[in-house]
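Report on the following structure.
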Amino acid sequence: MRLVCISLHHISLPYKEFQRYRFRNPSDFYEKTKEIRERVLIQSGTRIEIYALVEKQEFCFLTKFFPEERKIYTNEKAVRHLFRLVGAIESRVLGENHLHIIVEEAFKVAKDNLAIGKCLEALSTSAKRVSKRIREETDIANVENVVEIAINSILKEVPSIENKKVLLLGGGLSGIKLARALREKGAIIKVANRNYDIGKRIGEEIGEVEVIKYAGLLDNISNSDILICATLASHYRVKPEMIKIKDKLIIVDVSPFRNVDPRVKEIEKVMLLNSEIDKVIRENMEAMRKEIPKVEKIIEEEIKRLREGEECPL
C-alpha cells in the first residue's frame, strides 16, 4: 500500500475544461470510489486533489478521474505537498489562501462518508497541527499594513465608515482582515464567493456578515458604498460593465494580481484605490518570502513526527 496524491491545478489547462473535472457533489466521488477504503477529495476554486491509500490497481482507477495534466505525489512527497498547501506556501500567493479551512472541511466530509482510516486520520491531524504552528510561529500571513493603508485611503474619501455598505468579493486574507476592521468601525458587511460554502466560512471569520449567492453579485455591487476585491485570479474579476451605480462607489483592490480593471476609474462617481496599497502588497510579499525557511522547517518536523507514528507509509 502507498499514499498517493493526484493533483490538478487550473493553470495547467483552460479554466472551463478544469471545471469539467470537479465533483459537484463530493458524495458522488465517495460512491464511485467505495472500493477504496481510505480516500479524501479536496476541491477549491483553483485545484482538485485526491489523497488515498491504495494498491497499484486502485491507483490506476483513480487516475482516470483526471486528464494528463495531473500531477502525482506519493508517500512522503504527498504529505509534503499537503503540508505546503495548508502552510500557505504552495499557492501562487504566499499566505493568501484558505486551503487549510478547505482541507479541514474535506476531511470531515470524507469521515462522514466512512472514507477515513488510521492513515488519513493521522494525516488530517498532522495537517491541522502544521497549519496552526505556521500561523502562530511565523509571519507568513502578516498583512496588517495593507489593512491600515486601505482604511486610511477610504477615510480620505468618506468622513465615516459607520453604516457604510461593504461588499467583500473573494477570500484573500487581506480582504478578510480589511472587512473585519471595517465591521468593527460600524460598516455593514456582505461576502460574495464563487463557492458559497467557502463564503460562509469567510463570513464566520469576519463575524456578523451576510453571505450572498454569487449570482446576486451585480445587484449587490450596485447597492454598495465600498467594494473590496480580494480575489486571487490572474485576470480582471471586476470590469466596467459590472458596475451600475446610483451613488458614489469606492473600490479597494487588495488582490495580489490587480483583479480590478483600471478602466472602472472612468466611470463617474467611482473611486479606485490601489496605488499605495500595491506598494504595501509588494513589500509584504517580499517579507513573506523571507518566512518560507521557517515554514519549511515546521513542515519537515511534522513529516518526521508523522513518519515516527507509523500510521502512514512514508
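Read-outs throughout are calculated quantities, based only on the coordinates presented, and are distinct from any laboratory measurement. This one's a predicted model, so the numbers in the text were calculated from it and none came from an experiment. With ideal geometry, Cβ positions are generated from the backbone for all residues, glycine too; neighbour counts draw on all protein chains shown.
Quick notes on this structure:
- Two-site FRET efficiency, R194 against E296, from Cβ-Cβ distance with R₀ of 41 Å, rounded to 0.05: 0.85
- Centre separation in Å (Cα based) which lies between the stretch 1-62 and the stretch 118-133: 19 Å
- Likely footprinting exposure, H98, H81, fewest C-beta neighbours within 10 Å first: H81, H98
- For the chain, C5, C60, C229 stand unpaired, since no other cysteine beta carbon lies under 4.7 Å from theirs.
- Residue exposure proxy: H100, H235, ordered by other Cβ atoms within 10 angstrom of their Cβ from fewest to most, comes out as H235, H100.
- Cα centroid separation - the stretch 181-202 against the stretch 234-273, whole Å: 18 Å
- Cα gyration tensor shape of the stretch 115-166, rounded if a/c is under 1.5, else prolate or oblate by comparing a/b with b/c: prolate
- Assuming charge only on the beta carbon of Lys and Arg (+1) and of Asp and Glu (-1), the dipole of the chain about its Cα centre is about 520 debye to the nearest 20.
- The candidate values are [x] 68, 46, 32; [y] 63, 37, 32; [z] 79, 46, 37; the one derived from this structure for Cα extents along the principal axes in Å carries the label [y].
- Using a Gaussian network model of the chain in which every pair of alpha carbons under 10 angstrom is joined by a spring, one finds that among S174, S222, S131 the greatest mean-square fluctuation is at S222.
- Taking a ≥ b ≥ c as the square roots of the eigenvalues of the Cα gyration tensor, the stretch 144-287 is rounded, since a/c falls below 1.5.
- Loop trypsin sites (Lys or Arg not before Pro), the stretch 210-314, which have at most 12 other Cβ atoms in a 10 Å radius of their Cβ (DSSP): K213, K244, K246, K269, K290
- On Cα atoms only, tilt of 75-86 relative to the major axis of the chain in degrees: 20 degrees
- 4 °C / 1.567 mPa s Stokes-Einstein diffusion coefficient of the stretch 201-274, Kirkwood radius on C-alpha pairs, µm²/s: 100 µm²/s
- All lysines inside 26 Å of K239 as judged from Cα atoms, apart from same-chain residues fewer than 8 positions distant: K16, K156, K164, K165, K177, K190, K200, K213, K248, K265, K269, K279
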